[in-house]
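Before any comments, here is the structure.
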Amino acid sequence: GTKMIQRFFPHMFELLRRAGVERVEADTSLNYMATMHLLTRLRFNVTGTVLSERWGAHVHLTHYLDEHAERTFLDQFCAGVKYQLRAREAARSSEPD
């Protein structure tokens, strides 16, 4: 209920971006809907699936810290509305000139 992850991850992403990291990756089970919801709200993109004999089916997600890399992924693999870009574009439009 404290939304600790939602508050911590953006700060961690900024520190990683400054250190030159281009992306953060995560795997989660399809059954963990709360985790899927959280990661997609943090602009993680589903980038694959993983099947293992031990853990079963998992979704592989990637959060791009590099804007060019994210735009390239979205242009190549995602059709329709690119919700991941909405917040970034809204922030740019509200910046003073």
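Is it true that E25 is surrounded by 10 or more Cβ atoms within 10 Å (Cβ to Cβ) and either part of a strand (DSSP E or B) or out of contact with any strand residue (DSSP E or B) (no Cβ under 7 Å at 6 or more places or on another chain) (or both)? Walk me through how you get there before you give the answer.
On the way: surrounded by 10 or more Cβ atoms within 10 Å (Cβ to Cβ): yes; either part of a strand (DSSP E or B) or out of contact with any strand residue (DSSP E or B) (no Cβ under 7 Å at 6 or more places or on another chain) (or both): yes.
So E25 fits the description; yes.
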Selection within the range 60-83 - assigned to a helix (DSSP H, G or I), in contact with a Lys or Arg (Cβ under 7 Å, 6 or more places away or on another chain) and surrounded by 15 or more Cβ atoms within 10 Å (Cβ to Cβ): L74
Subset tally (residues that are open to solvent by 50 Å² or more (accessible area, probe 1.4 Å) and part of a loop (DSSP other than H, G, I, E, B)) for the range 28-58: 7
Inter-residue pairs, beta-carbon under 9 Å, first touching a residue at least 12 places away in the same chain (Cβ under 8 Å) and in the range 1-30, second of a type in the set (V, I, T) and part of a helix (DSSP H, G or I), 6+ apart: A26/T35; T28/T35; S29/T35
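The values are calculated or read from the model by the stated rules, or taken from the named source; none is laboratory data. Quick caveat: nothing in here was measured; it's all calculated off a predicted structure. We place every Cβ from the backbone using ideal geometry, glycine too, and count neighbours over all the protein chains shown. We work out accessible area using only protein heavy atoms, side chains counted, and drop any ligands, DNA or RNA first. Shrake-Rupley method; radii C 1.70, N 1.55, O 1.52, S 1.80 Å.
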